[in-house]
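The values are calculated or read from the model by the stated rules, or taken from the named source; none is laboratory data. Computed from a prediction, not measured in an experiment: that's the story for all the values here. Cβ coordinates were reconstructed from backbone atoms using ideal geometry, including for glycine residues, and neighbour counts include every protein chain displayed.
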Amino acid sequence: MMRLRMYYPVFAAAALIVVLHLVLALFGATYYMTQITMSAYYALVVIGLCLLMGYAGQASLGHAGFFAIGGYASAVLTTYNLNPFRDTALIARCQALGLTMQWQDIYGTDILSFAPWVACVAALLLTGLVALVIGASVIQLKGHYLAMATLGFGLIVYRIALGTPVLGRADGVSNVPSFHLLAGLQVNGRAPFRVQNYYIAWAVVLVAMVLALNLVHSRVGRAMRSIHENEEAAHSLGVNTYRYKLAVFILSAIFAAIGGVLLTHYNGSIGPSEVTVMKSVRYVAIVAVGGMANLWGALVMGIVLNFLSLRGVFGSFDDAVFGAILIAIMIFAPQGLLRVPRLQALTALLRRNP
Amino acid sequence: MSNVLLETKGLARSFGGVHAVRDVSFHVPTESIKAVIGPNGAGKTTLFNLIAGTLAPHRGEVIYRGQAITGHKPHAVAALGIARTFQTTKLFPHMTVLENVMMGRHTRTRSGFLAGMLNLPGTWREHRQTEAKAHNILADLGLAAYAGETACNLSFGRQRLVEFARALATEPSLLLLDEPAAGLNIYETQELSQLILRIRATGITCLVVEHDMSLVMNISDEVVVLDQGQKIAEGPPAQIQRHPEVIRVYLGDEHG
């Protein structure tokens, strides 16, 4: 199967992830895994945005909004105490169906909330619905008009997060419980769970990568790229450009929301800093520096830059660094870093000797 | 009327105060080559866009195989078996020649988002069939050697040919050709005539908007002449060449 070649980098990445673990363990620096795990969840946003922006050619300056809708929805549903309502018909029904869980927060308060998997499904459905409504009305806009409309969406989500009591206003939502997956695995940021969460996050990212790679090499992926290249020609060949653009928009929003849900459970909290315009700009900058229509570039840059940012390498100039990256890329390498001639010769060499 | 593939009835479209197309009616018989000619600004391309769905007419009807397709969107028109080329070649410049032609198979293939993401066996099989089909068409047009080339690296003439290949990949019943000879030299134009005749021989009806009189007169069965958005003559090429109104429009009053 020639198609298997497409997955070689996935196997290589998987091996690299294990090697990285061993190296960190060897040097007693496994605490780095925390930021790597967080970066991996941010990378999910970048992978989705890469599909939308790099391949389908539709800019979005509102993807932090989708990340936050996923994260906040999951946080609220798993922390909102349903005990006062436990005897109402609806909540009793939910309990009987196993949709809720009983737990104690760090203060020892008994909490009855929705189970994380229920919250996760609800969060993704909500994100999909919001993306559908927003996308249906703005996706036919072109170029910077679309960028501005999505920027407006991001701002609205930010103000809603800041102004809504149930979303914790400026404090956000904390005490988010861990997310129990199968076989004893759980999304949980505490130190004993560090290693398994490193692998959980990477597993999710690699699955997302495989799905995205498959998509861009498929009939649909070709149609997405054709819209980017020449929308009128694509339309005349039977591509329902509006529907395709909308579908990719929703898909990329859901990728972002998955990152939001999992990172919120990992961190145990989410706050309005996740929804700022600068977060959306950061995702765009990462896709650009990764080479726009380049999923691996987006992933590598997504991990590296977020990791450096989370380690505090950029200090208080964090946002400024991402702004500067965006400017530099637009001026010196609008096709992305990997298309710079000298590097291109290098990648060609690598391709010849795999 | 079963031998009429496409018909327009009183088609009209204006931009602001300019009547780009007014009250144009004609029909295209199945497996014929019909040409639409006229001086610059006669409304030829607008007429094309009205048929292909790029523009919606203000009045009138477009009837294809006996059914009104007026105001259908381009993708819906394409799905019915109407393919087109553009006046200025519109390839997907950074995709390979092969991928460009594979795009022509879009309406003939099914795989959606989910199947694409999961890369199901059926999807993969469909992909290979599409690829094989595209290779065949490229070979047929003498473009086999360029399959892996990025489209924008090809010469102008070859890009035009790739656009033909892409349109043919849709297996159209009706091919709309918008000034296919524009920018081609005499030899290339002659080759183009042969190509269009070959396409028609495979059972594809062609509607050609053209400036180049030699091309039109050599290959078309019938010609429609537009001037200032209106049809001023229609008939076989020999008759059109002698039509006083056509001579007046093309050469000026004193020749009429």
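For the stretch B:82-122, the candidate set comprises residues that are more than 9 Å from chain A (Cβ to nearest Cβ) and surrounded by fewer than 19 Cβ atoms within 10 Å (Cβ to Cβ); within that set, the residue that is nearest to A:Ala293 (Cα to Cα) is B:Thr96.
The residue that is farthest from A:Val300 (Cα to Cα), among those in the stretch A:1-26 that are in contact with a Phe, Trp or Tyr (Cβ under 9 Å, 6 or more places away or on another chain) and at pLDDT below 95, is A:Met1.
Tell me, yes or no, whether the stretch A:170-192 has at least one residue that is within 21 Å of A:Ile286 (Cβ to Cβ) and without any contact (Cβ under 8 Å) to a residue 12 or more places away in the chain. Let's see the steps before the verdict.
If we filter the stretch A:170-192 for residues that are within 21 Å of A:Ile286 (Cβ to Cβ), which is where we start, we get none.
No: zero hits.
Here B:Ala42 clears all of (1) hydrophobic (A, V, I, L, M, F, W, C); (2) within 17 Å of B:Ala169 (Cα to Cα); (3) modelled with pLDDT under 95 except the condition numbered (2).
Does A:Ile270 satisfy being away from chain B (no Cβ under 14 Å) and among the hydrophobic types (A, V, I, L, M, F, W, C)?
yes
Is at least one residue of the stretch B:48-61 in contact with a Lys or Arg (Cβ under 9 Å, 6 or more places away or on another chain), assigned to a helix (DSSP H, G or I) and without any contact (Cβ under 8 Å) to a residue 60 or more places away in the chain? Yes: one or more hits.
For the stretch A:200-251, the candidate set comprises residues that are under 21 Å from A:Ile36 (Cβ atoms) and surrounded by fewer than 20 Cβ atoms within 10 Å (Cβ to Cβ); within that set, the residue that is nearest to the chain's Cα centre (by Cα) is A:Val204. Restricting the stretch B:44-81 to residues that are small (Gly, Ala, Ser) and within 11 Å of chain A (Cβ to nearest Cβ), which is farthest from B:Pro29 (Cα to Cα)? The extreme case among them is B:Ala76.
Of all residues in the stretch A:124-176, count the ones that are of a type in the set (Phe, Trp, Tyr) and under 20 Å from the mean Cα position of the chain (by Cα). Before the answer, list the steps.
The first filter runs over the stretch A:124-176 and keeps only residues of a type in the set (Phe, Trp, Tyr), leaving A:145, A:153, A:158.
Next, from what is left, pick out any that are under 20 Å from the mean Cα position of the chain (by Cα): A:153, A:158.
Result for the stretch A:124-176: 2.
Looking at A:Val130, A:Val118 in this structure, which one is within 21 Å of A:Gln186 (Cα to Cα), in contact with a helix residue (DSSP H, G or I) (Cβ under 8 Å, 6 or more places away or on another chain) and not aromatic (Phe, Trp, Tyr)? So that I can check it myself, show each step before the final result.
On the way: A:Val130 fails: within 21 Å of A:Gln186 (Cα to Cα).
Among A:Val130, A:Val118, only A:Val118 is within 21 Å of A:Gln186 (Cα to Cα), in contact with a helix residue (DSSP H, G or I) (Cβ under 8 Å, 6 or more places away or on another chain) and not aromatic (Phe, Trp, Tyr).
Starting from the stretch B:96-125, take each residue that is within 13 Å of A:Ala233 (Cα to Cα) and list its partners that are among the aromatic types (Phe, Trp, Tyr) and buried (at least 19 other Cβ atoms within 10 Å of the Cβ), counting only C-beta distances under 7 angstrom and pairs at least six apart or across chains. If the second residue must be among the aromatic types (Phe, Trp, Tyr) and buried (at least 19 other Cβ atoms within 10 Å of the Cβ), the pairs left are B:Asn100/B:Phe92; B:Met103/B:Phe92. Cβ-Cβ distances below 9 Å connect the following pairs, each with a first residue in the stretch A:214-234 that is farther than 23 Å from B:Thr89 by Cα and more than 7 Å from every other protein chain (Cβ to nearest Cβ), a second residue that is aliphatic (A, V, I, L, M) and surrounded by fewer than 21 Cβ atoms within 10 Å (Cβ to Cβ), and a separation of six or more residues or different chains: A:His217/A:Met6. Assessment of the stretch B:71-87 against the conditions (modelled with pLDDT of 95 or more, in contact with a strand residue (DSSP E or B) (Cβ under 6 Å, 6 or more places away or on another chain) and either among the acidic types (Asp, Glu) or part of a helix (DSSP H, G or I) (or both)) yields no matching residue. Determine whether the stretch B:126-133 contains at least one residue that is more than 26 Å from B:Val77 (Cβ to Cβ), out of contact with any Leu (no Cβ under 6 Å at 6 or more places or on another chain) and away from every other protein chain (no Cβ under 11 Å). Yes, the conditions are met somewhere in the stretch B:126-133.
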